[in-house]
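Asker: Right, I'll just put the structure down here and ask away after.
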Amino acid sequence: MANDTNSYKASAAFFHDSDCVEYVKVDAFVIYDRVDEFLTLIYDKTGIQLVGFKLKGFKNIFTKQLKPIYQLNEKQFLRLASAIEAICVTLGEQLFADDDRKRSYQAAATLAANDNVELRGFDLVERIAA
Amino acid sequence: MAVWQNFGIAVAPNPDDKAVDIQLAVSAELVAANSDMNKMTPLLQIWCHVFGVLPELPNISKVRNAENTPTLSTLKDSAACFRGIERPHDDEDNGDSVICYVLNPATSIEFSPSQVCVAQPVIMPQQTAITVLVRIKPTLLRPGLTVDGILTRIEPVKCSPEDPLLPNRYKTRYRERLW
């Protein structure tokens, strides 16, 4: 039943109902590990391999920090590595004081950059405003 | 969207009175977003752990008859219920309208790349629970929809070594434990 046409296409998605952006590399049982109120890391079923991340309260992050900077229109894309960096800037000293927390953000940012994870501008501008 | 992705109304215990049932709709956006990506696992898990049935997929008997068949449950089997997710959430500063039900199935389900059946059981890893987030909020409800809330997320989460049946740091990540 599974074929190339129907196979999972890993991509970032904004969920308005739960106000979060999620990226997961695999369509499989995964484990969500909360880092803090903004970031959750997502691991494979062994709990060892990082396979994704979730950015929470994204409407707030986008509206207050990203939208003024990026001036997105519906044809543009938002790199999620940039969104993670924006959260880090907001957290500032809190992040540097907590090594585990800092490493978690670094891991998420690296994954987002390596996988070139993006959100369509249309998804954000239209749906966050809705 | 495939036929098996048409969810009906789920029954759950009222967060404020466990003896009373409430009705929930599955977020249409959640289903559509996963469907658009051809992502099946979260939707399979909703069938097993919220509706208490296996999804109607070809050769699902392979999963039903497996040695470790998925644990079928509904939210009435929840081990715990929390209110408030202590973070900005849409137009709420602290996500106070969000309810979290916690389930502890022995076995869950995931997508399988098999040619026989696209689902397979997964034994729950140790110190892992299933959480289901629900928004009890009138503004999320579509006109004409007569339910009490919308199911917005289903997530296996890491639990703490001290309390392996509950989400890690549950005492601070949720505003209050209802039961």
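The values are calculated or read from the model by the stated rules, or taken from the named source; none is laboratory data. On a predicted model such as this, the values are computed, not experimentally measured, just so you know. Because the Cβ atoms are built from the backbone with ideal geometry, glycine has one as well, and the counts that use them run over all protein chains shown. Each accessible area value is taken on the protein alone, full model and side chains, heavy atoms only, with ligands, DNA and RNA left out. Shrake-Rupley method; radii C 1.70, N 1.55, O 1.52, S 1.80 Å.
Asker: Which condition number in (1) open to solvent by less than 10 Å² (accessible area, probe 1.4 Å); (2) more than 7 Å from chain B (Cβ to nearest Cβ); (3) farther than 28 Å from B:Thr107 by Cα is the one that A:Gly57 fails?
Answerer: Result: A:Gly57 fails condition (2) only.
Asker: Mind checking whether some residue in region B:16-29 is under 22 Å from A:Val21 (Cβ atoms) and part of a helix (DSSP H, G or I)?
Answerer: So far as region B:16-29 goes, yes, one or more of its residues are under 22 Å from A:Val21 (Cβ atoms) and part of a helix (DSSP H, G or I).
Asker: Pairs, please: C-beta under 7 Å, at least 6 apart or cross-chain, first residue under 15 Å from B:Ala80 (Cα atoms) and in region B:15-26, second hydrophobic (A, V, I, L, M, F, W, C) and part of a strand (DSSP E or B)?
Answerer: B:Pro15/B:Cys81; B:Pro15/B:Ile99
Asker: Checking the conditions here, which among A:Phe38, A:Phe62, A:Phe96, A:Phe58 is in contact with a Cys (Cβ under 6 Å, 6 or more places away or on another chain), of a type outside the set (Val, Ile, Thr) and at pLDDT below 95? Explain how you work it out, then say what you get.
Answerer: Values: A:Phe38 fails: in contact with a Cys (Cβ under 6 Å, 6 or more places away or on another chain); A:Phe62 fails: in contact with a Cys (Cβ under 6 Å, 6 or more places away or on another chain); A:Phe96 fails: in contact with a Cys (Cβ under 6 Å, 6 or more places away or on another chain).
Exactly one residue qualifies, and that residue is A:Phe58.
Asker: Any chance region B:71-87 includes a residue that's among the β-branched types (Val, Ile, Thr), at pLDDT 95 or above, part of a loop (DSSP other than H, G, I, E, B) and surrounded by 16 or more Cβ atoms within 10 Å (Cβ to Cβ)? Lay out the reasoning, then the answer.
Answerer: To start, the set of residues in region B:71-87 that are among the β-branched types (Val, Ile, Thr) comprises B:71, B:74, B:85.
Then keep just the ones that are at pLDDT 95 or above; that gives B:71, B:74.
Now narrow it down to the ones that are part of a loop (DSSP other than H, G, I, E, B): B:71.
Right, trim to surrounded by 16 or more Cβ atoms within 10 Å (Cβ to Cβ) and you get B:71.
Yes, region B:71-87 contains at least one residue that is among the β-branched types (Val, Ile, Thr), at pLDDT 95 or above, part of a loop (DSSP other than H, G, I, E, B) and surrounded by 16 or more Cβ atoms within 10 Å (Cβ to Cβ).
Asker: All but one of (1) within 21 Å of A:Asn116 (Cα to Cα); (2) at the interface with another protein chain (Cβ under 10 Å from one of its Cβ atoms); (3) surrounded by fewer than 22 Cβ atoms within 10 Å (Cβ to Cβ) hold for A:Gln65; which doesn't?
Answerer: Of everything listed in (1) within 21 Å of A:Asn116 (Cα to Cα); (2) at the interface with another protein chain (Cβ under 10 Å from one of its Cβ atoms); (3) surrounded by fewer than 22 Cβ atoms within 10 Å (Cβ to Cβ), A:Gln65 misses just condition (2).
Asker: Here's a follow-up. When residues of region A:1-23 are filtered for being open to solvent by 10 Å² or more (accessible area, probe 1.4 Å), touching an Asp or Glu at 6+ places or on another chain (Cβ under 9 Å), more than 7 Å from chain B (Cβ to nearest Cβ) and within 21 Å of B:Leu133 (Cβ to Cβ), how many remain?
Answerer: Count: 2.
Asker: Can you name the residue in region B:102-124 that is in a loop (DSSP other than H, G, I, E, B) and in contact with a Phe, Trp or Tyr (Cβ under 9 Å, 6 or more places away or on another chain) and is also farthest from the other protein chains (Cβ to nearest Cβ) among such residues?
Answerer: Filtering region B:102-124 for residues that are in a loop (DSSP other than H, G, I, E, B) and in contact with a Phe, Trp or Tyr (Cβ under 9 Å, 6 or more places away or on another chain), the one farthest from the other protein chains (Cβ to nearest Cβ) comes out as B:Met124.
Asker: Now, a different point. Which members of region B:25-39 meet the condition of being closer than 19 Å to B:Val50 by Cα, at the interface with chain A (Cβ under 7 Å from one of its Cβ atoms) and surrounded by fewer than 20 Cβ atoms within 10 Å (Cβ to Cβ)?
Answerer: Selection gives B:Glu29 alone.
Asker: Taking B:Glu176 as meeting all but one of (1) open to solvent by 10 Å² or more (accessible area, probe 1.4 Å); (2) within 25 Å of B:Ala33 (Cα to Cα); (3) in contact with a Gly (Cβ under 7 Å, 6 or more places away or on another chain), write down the number of the exception.
Answerer: Unmet for B:Glu176, out of (1) open to solvent by 10 Å² or more (accessible area, probe 1.4 Å); (2) within 25 Å of B:Ala33 (Cα to Cα); (3) in contact with a Gly (Cβ under 7 Å, 6 or more places away or on another chain): (2).
Asker: The conditions are (1) open to solvent by less than 40 Å² (accessible area, probe 1.4 Å); (2) within 12 Å of chain B (Cβ to nearest Cβ); (3) over 12 Å from the mean Cα position of the chain (by Cα); (4) among the hydrophobic types (A, V, I, L, M, F, W, C), and A:Leu91 fails exactly one of them. Which is it?
Answerer: Unmet condition: (2).
Asker: Consider B:Leu165 against the criteria (1) more than 18 Å from A:Asp17 (Cα to Cα); (2) hydrophobic (A, V, I, L, M, F, W, C); (3) facing another protein chain (nearest Cβ under 9 Å): it satisfies all of them except one. Which criterion is unmet?
Answerer: Looking at each condition in turn, B:Leu165 falls short on (3).
Asker: Continuing with this model, one more query. Quickly run through region A:24-49 and pick out the residues that are over 17 Å from B:Thr41 (Cβ atoms) and more than 7 Å from chain B (Cβ to nearest Cβ).
Answerer: Across region A:24-49, the qualifying residues are A:Val35, A:Asp36, A:Phe38, A:Leu39, A:Leu41, A:Ile48.
Asker: To continue, here is another question. Buried (at least 22 other Cβ atoms within 10 Å of the Cβ) and among the small types (Gly, Ala, Ser): which single residue out of B:Ser97, B:Ser108 fits that description? Spell out the reasoning first.
Answerer: On the way: B:Ser97 fails: buried (at least 22 other Cβ atoms within 10 Å of the Cβ).
Within the list B:Ser97, B:Ser108, the selection yields B:Ser108.
Asker: If you don't mind, another one. Taking region B:129-149 as the search range and keeping residues that are of a type in the set (A, V, I, L, M, F, W, C) and at pLDDT 95 or above, which one is most open to solvent (accessible area, probe 1.4 Å)?
Answerer: B:Leu133
Asker: Return the pairs, sorted by first residue and then second, in which the second residue is of a type in the set (Val, Ile, Thr) and assigned to a strand (DSSP E or B), the first residue lies in region A:24-44 and is in contact (Cβ under 8 Å) with a residue 60 or more places away in the chain and open to solvent by 30 Å² or more (accessible area, probe 1.4 Å), the beta carbons are less than 7 Å apart, and the residues are 6+ apart or on different chains.
Answerer: From residues that are in contact (Cβ under 8 Å) with a residue 60 or more places away in the chain and open to solvent by 30 Å² or more (accessible area, probe 1.4 Å), the pairs are A:Lys25/A:Val51.
Asker: Let me ask something else. Need the failing condition index for A:Gln106 against (1) open to solvent by 40 Å² or more (accessible area, probe 1.4 Å); (2) within 13 Å of chain B (Cβ to nearest Cβ); (3) assigned to a helix (DSSP H, G or I), just the number.
Answerer: So the condition that A:Gln106 fails would be (2).
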